[in-house]
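*Asks:* Below are the structure tokens for one structure; questions will follow.
The values are calculated or read from the model by the stated rules, or taken from the named source; none is laboratory data. Keep in mind the model is a prediction, meaning the values are calculated, not measured. Cβ placement follows ideal geometry from the backbone for every residue including glycine, while neighbour counts extend to all protein chains displayed. The protein model used for the area step is the full one, side chains on, heavy atoms only, and it has no ligands, DNA or RNA in it. Shrake-Rupley method; radii C 1.70, N 1.55, O 1.52, S 1.80 Å.
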Amino acid sequence: RKGDDLALLRPIHPEGFKAAIVSSRPPRLGEECWTCGTSGGVERSLDRTVVNRTDYPALGKRWTLVNGNAWSGGSGGGMFIRDGGRWALAGTVARGAYDSERSPTMCQPWVAIVRMLKTYEKAKGVAK
């Protein structure tokens, strides 16, 4: 299995930044969600959409598919769902599902984010 295309970043100047809360659960089919990023070069763009699939097979992996339009530049942005009365990170935008102007958006699934954070925490403990 190929690795997940995810990165954990630490800002050089963290003043004013707030870390996203990671959802305690994966997204559900038909659930409202928001994606954000720099789609089409438009900074801080937001797209309200719904979860289309939670197990879309492509590129040898399973993805969360949302109905938003995938645009170049959106990769790496967050996909957020309502969890416990707040918006929480449940995926990251990766790419369009196929080559088309109106392609659904493929997102790294929630489980990949949780796996990456557990690996990070384990490595951090070893580094101490």
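*Asks:* With every protein chain kept in place and ligands, DNA and RNA left out, what is the accessible area per residue of the chain? Probe 1.4 Å, answer in Å².
*Replies:* Ligands and nucleic acids excluded, the result is 68 Å² per residue.
*Asks:* Now a separate question. What is the projected area of the convex hull of the Cα atoms of the chain, averaged over all directions, in nm²?
*Replies:* 9.1
*Asks:* Okay, next question. Under a 1.4 angstrom probe, counting protein chains only, how are CYS36, CYS107 ranked by accessible area, largest first?
*Replies:* Final ranking, largest accessible area leading: CYS36, CYS107.
*Asks:* ARG95: accessible area at probe 1.4 Å, nearest 10 Å²?
*Replies:* So the heavy atoms of ARG95 present about 110 Å² to solvent.
*Asks:* Here's something else I'd like to know. Sum -39500 (n - 2.57) across every DSSP H segment of at least 4 residues in the chain, then divide by the residue count to get the 222 nm mean residue ellipticity, nearest 500.
*Replies:* -5000 deg cm²/dmol
*Asks:* Could you grab the relative contact order for the chain? Cα pairs under 8 Å, six or more apart, rounded to a whole percent.
*Replies:* Dividing the mean separation by the residue count of the chain yields 23 percent.
*Asks:* Report, in debye and to the nearest 20, how large the dipole of the chain comes out about its Cα centre when Lys and Arg carry +1 and Asp and Glu carry -1 on their Cβ.
*Replies:* About 580 debye.
*Asks:* Next up: Tally up the carbon and sulfur contribution to the accessible surface of the range 23-79 as a whole percent, 1.4 Å probe, everything protein left in place.
*Replies:* Values: 1670 of 3300 Å².
Carbon-and-sulfur percentage of accessible area, whole number: 51.
*Asks:* Answer rounded, prolate or oblate for the range 77-128, using the Cα gyration tensor with square roots of eigenvalues a ≥ b ≥ c: rounded when a/c is under 1.5, else prolate when a/b is larger than b/c, else oblate.
*Replies:* Oblate shape, in that a/c is at least 1.5 and b/c is the bigger or equal ratio.
*Asks:* In nm, to one decimal, how far is the modelled label at VAL22 from the one at GLU121, with both set 7 Å along Cα→Cβ?
*Replies:* 0.7
*Asks:* ASP99 versus VAL42, label points 7 Å from Cα toward the beta carbon: distance in nm?
*Replies:* So the label points at ASP99 and VAL42 sit 2.5 nm apart.
*Asks:* Also, I was wondering about something else. Quick one: length gained pulling ASN67 to ALA7 fully straight, 0.36 nm per residue minus the C-alpha distance?
*Replies:* Residue separation times 0.36 nm, minus the Cα-Cα distance, leaves 19.2 nm.
*Asks:* So if I take the centroid of the Cα atoms in the range 55-101 and the same for the range 10-53, what is the distance between those two points in Å?
*Replies:* After rounding, the separation between the Cα centres reads 9 Å.
*Asks:* With every protein chain left in place and a probe of 1.4 Å, what is the accessible surface of LYS61, to the nearest 10 Å²?
*Replies:* 40
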